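Single-structure report; data block below.
The values are calculated or read from the model by the stated rules, or taken from the named source; none is laboratory data. Quick caveat: nothing in here was measured; it's all calculated off a predicted structure. Cβ: placed from backbone, ideal geometry, glycine included. Neighbour counts: every protein chain shown.
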């Protein structure tokens, strides 16, 4: 397969490098077009006001790719429109993100945004994120092995043009294995942020986000529950934000200006 | 009603000021917490790595509000968590954005992201965007009148805690009226971007996005079609990105690592 690999942690991020190595090991041809700098939690932004600078970058002894000084979605648009010289990838992979993207974070995630952008443009796409836990040493290479195995499972199940899936790899102690793979829905419970108020030397308020990310209580069939229970999670995604039942209800009423 | 007003064009943007004036005229109490700088197309980003600076800002003779050097979603989180001193708004309004947010742009939009964030947090929320056309002079004050009338229609239909709606106001010549109000779904047809390749003085490629936004051909029941036909569009939104039919299908298969 010809795979376009991108991410939101930047072209030199260890998660991307590990995923690149493993995809190539599995026999795929991989082209990397990724942000020049870290773009975490930039969501689904696009650059239209300024120019998008590009440069060829050699990353470790792993690959030479194209760095774009833009956002994840810019990378996908620009790769497909220009940088791949008209050759369409068979699959777009985004990640592996340093940090999980479950629950409402699916909406914040630049990693997921890149996959959704590819889906918009009619390509099959998979986002990959790795759960980091402070008491477990992160092993990107090992996580990438599970990621590529799970990509194979998704492709075997059939991922059509325009279809998108997102996966999360659990945090594992060296002696632990994932509990398995679960296909789960996005948890939509709110994530309540906390902030600490401080004052600058001139007396103006400023705030630090002091939220601690924990996989909490939720319904059993969600990404949050499955990842907490050490499963690899797979969630197929769509990008129609319409609340269709409410459309139907409101249409029955007589709205007049 | 006690309304929290935010946007993604920045606290001094003419669309926000016009909407503020019209909401106050309608008898509402309005508190403004909005980005210090323009945040267009930043999508649903959040700031967790750095501090969020705030300042009290007087905008024209219209209002004194709080500027946050963050993204639209940061403004909503911080307002509800800290800046409103524990007083919950009855409604969150985001906008009025300079430029339409229909079709796939609903996903890119910082204006919509602020409303979705409020919905997450259990509040009713409405995003407002104004279609700009190069051959029509923009009249924010007039557009704000239609926006507040439409907000009333939505509230009369019933917008429960956590429910979100987005609206678009058409571009109108002075002698024109909107064709009416239509409740429509989000168009999910792809928006194909075009880029122009240039070279910097050192021979590196860079790219300008040369896409021209046009409301094109689409199905009749979508936001794109209704706005093109000069209707005010209203689309209720949800934030579960799960492709539920595909979850069901994949669950029937036997996925083993």
- Quick one: residue A:227 ticks every box in (1) within 30 Å of residue B:127 (Cβ to Cβ); (2) part of a helix (DSSP H, G or I) bar one, so which box is it? (1)
- Query: In this structure, is residue B:99 farther than 24 Å from residue B:216 by Cβ and surrounded by fewer than 24 Cβ atoms within 10 Å (Cβ to Cβ)?
  - Reply: no
- Checked segment A:216-225 for anything touching a helix residue (DSSP H, G or I) at 6+ places or on another chain (Cβ under 9 Å) and surrounded by 22 or more Cβ atoms within 10 Å (Cβ to Cβ); matches are A:223
- Query: Does residue A:170 satisfy being under 17 Å from residue A:99 (Cα atoms), within 13 Å of chain B (Cβ to nearest Cβ) and over 19 Å from the mean Cα position of the chain (by Cα)?
  - Reply: no
- Task: Test residue A:47 against the stated conditions and say whether it is at pLDDT below 95 and either in a helix (DSSP H, G or I) or touching a helix residue (DSSP H, G or I) at 6+ places or on another chain (Cβ under 7 Å) (or both).
- Result: yes
- Message: Condition first: under 18 Å from the mean Cα position of the chain (by Cα) and without any contact (Cβ under 8 Å) to a residue 24 or more places away in the chain. Now tell me which residues in segment A:122-153 satisfy that.
- Response: A:149
- Using the structure shown, decide if residue A:11 is assigned to a loop (DSSP other than H, G, I, E, B) and under 21 Å from residue A:169 (Cα atoms). yes
- Subset of segment B:62-82 (residues that are touching a strand residue (DSSP E or B) at 6+ places or on another chain (Cβ under 8 Å), buried (at least 21 other Cβ atoms within 10 Å of the Cβ) and part of a helix (DSSP H, G or I)): B:72, B:74, B:75, B:76, B:77, B:78, B:79, B:80
- In segment A:106-121, is there at least one residue being more than 12 Å from every other protein chain (Cβ to nearest Cβ) and more than 10 Å from the chain's Cα centre (by Cα)? no
- Item | Residue in segment B:193-207 that is farthest from residue A:55 (Cα to Cα), counting only those that are in contact with a helix residue (DSSP H, G or I) (Cβ under 8 Å, 6 or more places away or on another chain) and buried (at least 17 other Cβ atoms within 10 Å of the Cβ) | B:193
- Message: Anything in segment A:174-192 that is surrounded by 12 or more Cβ atoms within 10 Å (Cβ to Cβ) and more than 7 Å from chain B (Cβ to nearest Cβ)? List them, or say none.
- Response: A:179, A:182, A:184, A:187, A:189, A:191, A:192
- Task: Specify the residue that is farthest from the other protein chains (Cβ to nearest Cβ); the eligible residues are those in segment A:226-257 that are out of contact with any strand residue (DSSP E or B) (no Cβ under 8 Å at 6 or more places or on another chain) and either surrounded by 22 or more Cβ atoms within 10 Å (Cβ to Cβ) or under 13 Å from residue A:179 (Cβ atoms) (or both).
- Result: A:228
- Message: Considering only residues that are at the interface with chain B (Cβ under 9 Å from one of its Cβ atoms) and free of Cβ contacts under 8 Å to residues at least 60 places away in the same chain, which ones fall in segment A:71-89?
- Response: A:73, A:74, A:77, A:78, A:81, A:82, A:83
- Which listed residue is within 11 Å of chain B (Cβ to nearest Cβ) and free of Cβ contacts under 8 Å to residues at least 24 places away in the same chain, from A:163, A:199, A:217: A:199
